[in-house]
Amino acid sequence: MSAVGRIVGVRAKVTFKGRVQGVFFRANCEERARMLGLSGYVRNLGNGDVEAIFEGERKIVEEAIEWNEREQPYADVREAVVEWDEATGEFDGFSRR
């Protein structure tokens, strides 16, 4: 059964601010999210920030946010703004946009 349509856990819309573009942030974020089994996407925003949507179990989503905020190898995240909601189940895996 595909993950699409199954609503499991929470959804976090996160805006990462700081030096987050041009430093492989999206590639590293995608790799970590897939490793953790999360669904959603990560994309650059026109203002220099990066937006990520993570869906999955809350503890794992929190782990992904924390890793991206503190452990990204080349980025310097100044702030992570998180909006919590219920998971929608609309994503099939995690992608980079």
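Please arrange LYS13, LYS59 by counting, for each residue, the other beta carbons lying within 10 Å of its beta carbon, fewest first. Intermediate results must be reported in sequence, preceding the final value.
Details: LYS13 14, LYS59 9.
Listed from fewest to most nearby Cβ atoms, that is LYS59, LYS13.
Would you mind putting 26-33, 81-88 in packing order, based on average other-beta-carbon counts within 10 Å, highest first?
Averaged packing, sorted descending, gives the order 26-33, 81-88.
Work out how much length GLU63 to GLN21 would gain on full extension: take 0.36 nm times their residue separation and subtract the Cα-Cα distance, in nm to one decimal.
On the way: separation 42, 0.36 × 42 = 15.12 nm, distance 2.12 nm.
Once the chain is fully extended between GLU63 and GLN21, it gains 13.0 nm.
Could you check the spin-label model distance between ASN44 and TYR74? Points 7 Å from the Cα along Cα→Cβ, value in nm.
Here the modelled spin labels are 1.2 nm apart.
Of all DSSP beta bridges located in the chain, what percent are antiparallel, nearest 5? Before the final figure, lay out each step's value.
On the way: 23 of 26 bridges.
The antiparallel proportion sits near 90 percent.
Taking 8 Å as the Cα distance limit and 6 or more residues as the minimum spacing, I'd like the relative contact order of the chain as a percentage. Provide the component values of the computation, followed by the final result.
Numbers: 212 pairs, mean separation 46.9, N = 97.
Relative contact order of the chain: 48 percent.
Taking the Cα atoms only, what angle lies between the long axis of helix 58-70 and the longest principal axis of the chain, rounded to 10 degrees?
Relative to the chain, helix 58-70 is tipped by roughly 10 degrees.
In degrees, nearest 10, range 0 to 90: what is the angle between the Cα axis of helix 25-36 and the longest Cα principal axis of the chain?
30
Read-outs throughout are calculated quantities, based only on the coordinates presented, and are distinct from any laboratory measurement. No experiment lies behind these values; they were computed from the predicted model shown. Note that we place each Cβ from the backbone using ideal geometry, even for glycine, and neighbour counts take in every protein chain shown.
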